[in-house]
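To keep things clear, I will list the structure first and then write my remarks on it.
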Amino acid sequence: MTALATGDATPSTAGPRRRRAPHRYAPAVAGYAFAAAVLLTAGTPAAALARWTAYALLAVLLPGTLVFRALRRRAHTLVEDLALGAAVGLVLELAAWAVCTGLGVPGWLRFWPLAVLAPFAAVPRLRRHWRVRYAAAVPTNWAWSLAGVVAGFTLYLYRSFLAVNPVLPTSEGQAQYIDLAFQLSLAGAATHQMPLEVPQAAGEPLHYHWFGFAHLAATSLVSGVDLPTVFFRLGVPALCALAAVLVAVVGWRITGRPYAGVVAAALMFTIGEFGFENGWRQLFGTQATFIVWGSPSMTYSWVLLLPLLAALGEVVGRARGVRVPPLGRGAWVLVVLFLAASTGAKASSLPVVLAALGLTAAATLATRRRLPRRVLVAAGLALAAQFFATVVLFAFESHGVTVDPFSGLRPYLPAGRSAGFTVLVWAGVFLAFLLSLQLRLAGVPALLRVRRGRLEPVQVFLLGGALAGPAGYLLLGHPGSSNQYFTRTGFAFGVLLSGWGWAEVADRAALSARGRRLLGGGTAGFAVLLTAVQLAAATSTPATPAYAPVLPLLCWAGALAVGAAVVALYWPALVGRWPGLAGRGGLLLLTAVLAAGAPGLVLDAAAARKYPNGGSYPVVAMPASRVEAARWVYVHSAPDDVLATNVHCRAVVDGWCDARSFWLSGYAQRSVLVEGWAFAPRMVGRPEGPYAPFWDPARQRANDEAFTAPTAAGLAALRDRYGVRWLVVDREIGRESPALRSLADLRHDNGRVAVYRLR
């Protein structure tokens, strides 16, 4: 939040500027105060918030900013130094976590900032980076606008996530989004493992993008804040705030226009997706707003991808006329750092970056008849990073992703209809896909029109990423719609280019100060009106036939298109009545199109009133008694202890186990011999889905017999062969054998869940 500061750190003259200095930090203070108030309202302990704040400032922001200042050539603004410095700090934190955890001393991680701070304090050439003069000051309206984006999105997070997901369940009827406990278990494993294993199957390698969960673990280890508090309260709002600020500063750096960046931030974190299925849930298996808390690794990957785009923007070729100081040779170091960190942040990041670089190289070759060496070197580095991720981190696991063109659109197509009708539905569904997922990128065609198709290399690069993301979604398939993450990665490219297009259209319109105020007020009024209408019209009618879910979206689009056509018809009369509108119609239309998805976040947050977990997503029961027992195990066990449990299934359907049970490994932060195995990499994508049987029947049989038919020899084998130290039994699933009391020590019993320690 400090990155919202709005002035240069050391004014060159005394007098009025120095007296106004505190006001330049008002947006930062207001933004942090608002976020802190929201977190405290959501039940975050004040002491935890204070410890986390100290961690963020001293263990991420400070060392990262110093290193970034040493890498970039000349200072631009304080907000840029702090935002990009925070991202660098996260990369350094990841490296420090790997070293400390890999050596078996994760507790030493809290001292890692000293490895940066000491040289910068001792070496004269580095000491100058503690205090920097800035040539540019951040516009006050820019800073307040960005603070508003952060505050608004934090409020959305409160309504959709924080208020409906307690840190620890308080009732037996608590419902929780099905992935959250699994993600918590990964963060728990990262507090003492490197590399990670599958927490629900002790000893099974985790070939997955787990760097974001290592960050959450590092946050807990360094700050001393309990991991569930980090996961359910502090981590997601902090990453979202940083991502919003990064969009704004990277947009400013690449385009040279401050407001292109803040518009891009609003498109990413204020404007939702256009059109909701049955009035609530978004189409095509994607939830852009939901995804920031349902998949925190996506937000973490954005925090690393956006600075990578800034550095690659320097490499591929800056746009002409941009007055932001170049990064210099340090851009290459930043490229390497953020490529390395992106390898395990999200599997969708590097393929989209590679595609964008490939398109840039091809376009340069076609238009200038030469190979761009710098682009090819960057592509080579990205290819090396992708190779490392594929071989080392993912071990060639596909996680169920296959080449299956248009699989995300196919569920909306009818079967057994005429060819003509099917083609018509295909066209409507594809149009709905573009409107739903790409409408916020309307500034891109506007930029192409203004530039008459002649784009700068950096614009081609951004366009390549914006196209590669949805292309990946359309080309690939996944049973759990994980191909949507390619769209989300491409979206980071697209909003920057869309904001750039809006800024160029606005420059041509040359609005006066009064005109800008009217445009802002009119846009806000339009957004409020759309939101009110969609809230009133939202229904939950059965979605039949297959294409029915896209019809409301197309109807909304048609109604707005008719309204736009009516305005266009009467535009000459309006210009005659108000001459100031002349030459501004394109800006008004583009602004209205970009704002058409404004109801998205409000509708998604409103779903919290309708669904018990804050959204119409798959849920699992998370009884307080289970979590209470798991937390007891966490307090009384060693990090390397392995647990065994009789709970494997989210539910049993027709005799088949839905093996998506993660509560014990999640809240105990310990490995479990056999818990719910459905998300193990070797199981994802199996035709049986989550009902596939466990791959080692002998291990599962030994596990289950410890509860149903325990023997001294069997328990000793669990202890000596698998490292099991604790047995956790949920009696609502099945009561333990009476013989277990004579073979193991009952250490905890809350009525429903009992915990035994092996002797």
Across the stretch 370-385, which residue is most open to solvent (accessible area, probe 1.4 Å) among those that are over 27 Å from the mean Cα position of the chain (by Cα) and over 11 Å from Pro457 (Cα atoms)? Arg373
Can you find a residue in the stretch 473-482 that is open to solvent by 50 Å² or more (accessible area, probe 1.4 Å) and modelled with pLDDT of 90 or more? yes
Number of the exception - Pro690 against (1) open to solvent by 20 Å² or more (accessible area, probe 1.4 Å); (2) assigned to a loop (DSSP other than H, G, I, E, B); (3) not small (Gly, Ala, Ser): (2)
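Looking at Gly107, Gly148, which is the one that is open to solvent by 20 Å² or more (accessible area, probe 1.4 Å) and at pLDDT 95 or above? Before you say what the answer is, go through the steps one by one.
Numbers: Gly107 fails: at pLDDT 95 or above.
Testing whether each residue is open to solvent by 20 Å² or more (accessible area, probe 1.4 Å) and at pLDDT 95 or above leaves just Gly148.
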Would you tally the residues in the stretch 365-375 being more than 16 Å from Ala331 (Cβ to Cβ) and in a helix (DSSP H, G or I)? 4
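For Val627, are the conditions met, namely being under 19 Å from Asp749 (Cα atoms) and either among the aromatic types (Phe, Trp, Tyr) or assigned to a helix (DSSP H, G or I) (or both)?
Details: under 19 Å from Asp749 (Cα atoms): yes; either among the aromatic types (Phe, Trp, Tyr) or assigned to a helix (DSSP H, G or I) (or both): yes.
Criteria met by Val627.
Look at Ala621 and say whether it is in contact with a Gly (Cβ under 8 Å, 6 or more places away or on another chain), open to solvent by less than 10 Å² (accessible area, probe 1.4 Å) and within 30 Å of Ala698 (Cβ to Cβ).
Details: in contact with a Gly (Cβ under 8 Å, 6 or more places away or on another chain): yes; open to solvent by less than 10 Å² (accessible area, probe 1.4 Å): no; within 30 Å of Ala698 (Cβ to Cβ): yes.
Judged against the criteria, Ala621 is not a match.
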Unique match (being closer than 22 Å to Leu393 by Cβ, at pLDDT 95 or above and either touching a helix residue (DSSP H, G or I) at 6+ places or on another chain (Cβ under 8 Å) or not in a helix (DSSP H, G or I) (or both)) among Leu234, Leu221: Leu221
State whether one or more residues within the stretch 483-492 are in contact (Cβ under 8 Å) with a residue 12 or more places away in the chain, within 30 Å of Val315 (Cβ to Cβ), touching a strand residue (DSSP E or B) at 6+ places or on another chain (Cβ under 9 Å) and in a loop (DSSP other than H, G, I, E, B). yes
Taking helices (runs of 4 or more DSSP H) that do not extend beyond the stretch 13-112, which have at least 2 residues that are hydrophobic (A, V, I, L, M, F, W, C)? 26-41, 46-55, 62-71, 78-102
How about the stretch 152-178: which of its residues are part of a helix (DSSP H, G or I) and open to solvent by 50 Å² or more (accessible area, probe 1.4 Å)? Leu155, Tyr158, Arg159
Using the structure shown, decide if Ala30 is under 17 Å from Ala87 (Cα atoms) and small (Gly, Ala, Ser). no
Qualifying positions in the stretch 634-646 - under 17 Å from Ala702 (Cβ atoms) and either in contact with a Lys or Arg (Cβ under 8 Å, 6 or more places away or on another chain) or of a type in the set (Ser, Thr, Tyr) (or both): Val642, Leu643, Thr645
Selection count where residues are in contact with a helix residue (DSSP H, G or I) (Cβ under 8 Å, 6 or more places away or on another chain), open to solvent by 10 Å² or more (accessible area, probe 1.4 Å) and either among the basic types (Lys, Arg) or in contact (Cβ under 8 Å) with a residue 60 or more places away in the chain (or both), scope the stretch 331-369: 10
Taking Gly580 as the residue in question, decide whether it is in a helix (DSSP H, G or I) and over 30 Å from the mean Cα position of the chain (by Cα). yes
Can you find a residue that is at pLDDT 95 or above and within 21 Å of Thr299 (Cα to Cα) anywhere in the stretch 356-376? yes
Looking only at the stretch 408-460, how many residues end up being within 20 Å of Glu273 (Cα to Cα) and aromatic (Phe, Trp, Tyr)? 3
Please determine whether any residue of the stretch 286-296 is over 13 Å from the mean Cα position of the chain (by Cα), at pLDDT 85 or above and of a type outside the set (A, V, I, L, M, F, W, C). no
Picking from Asp641, Asp658, which residue would you name as being acidic (Asp, Glu) and in contact with a helix residue (DSSP H, G or I) (Cβ under 7 Å, 6 or more places away or on another chain)? Asp658
I'd like the residue in the stretch 552-579 that is open to solvent by less than 50 Å² (accessible area, probe 1.4 Å) and of a type in the set (Gly, Ala, Ser) and, out of all such residues, is farthest from Ala536 (Cα to Cα). Ala564
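Checking the condition closer than 28 Å to Ser481 by Cα and either charged (D, E, K, R) or surrounded by fewer than 17 Cβ atoms within 10 Å (Cβ to Cβ) (or both), which residue from Gly655, Gly714, Gly676, Gly685 passes? Steps first, please.
On the way: Gly714 fails: closer than 28 Å to Ser481 by Cα; Gly676 fails: either charged (D, E, K, R) or surrounded by fewer than 17 Cβ atoms within 10 Å (Cβ to Cβ) (or both); Gly685 fails: either charged (D, E, K, R) or surrounded by fewer than 17 Cβ atoms within 10 Å (Cβ to Cβ) (or both).
Selected residue: Gly655, the only one of Gly655, Gly714, Gly676, Gly685 that is closer than 28 Å to Ser481 by Cα and either charged (D, E, K, R) or surrounded by fewer than 17 Cβ atoms within 10 Å (Cβ to Cβ) (or both).
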Tally up the residues in the stretch 386-417 that are open to solvent by less than 70 Å² (accessible area, probe 1.4 Å), out of contact with any Gly (no Cβ under 6 Å at 6 or more places or on another chain) and part of a helix (DSSP H, G or I), please. 5
Test each condition in (1) more than 22 Å from Ala366 (Cα to Cα); (2) out of contact with any Gly (no Cβ under 8 Å at 6 or more places or on another chain); (3) open to solvent by 20 Å² or more (accessible area, probe 1.4 Å) for Leu455 and report the one that comes out false. (1)
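The values are calculated or read from the model by the stated rules, or taken from the named source; none is laboratory data. Because the structure is predicted, anything quoted here is derived from the model rather than measured. In this analysis, Cβ positions are derived from the backbone assuming ideal geometry, glycine residues included, and neighbour counts consider all displayed protein chains. Ligands, DNA and RNA are stripped out before the accessible areas are found, and what is left, the full protein with its side chains, is counted by its heavy atoms. Shrake-Rupley method; radii C 1.70, N 1.55, O 1.52, S 1.80 Å.
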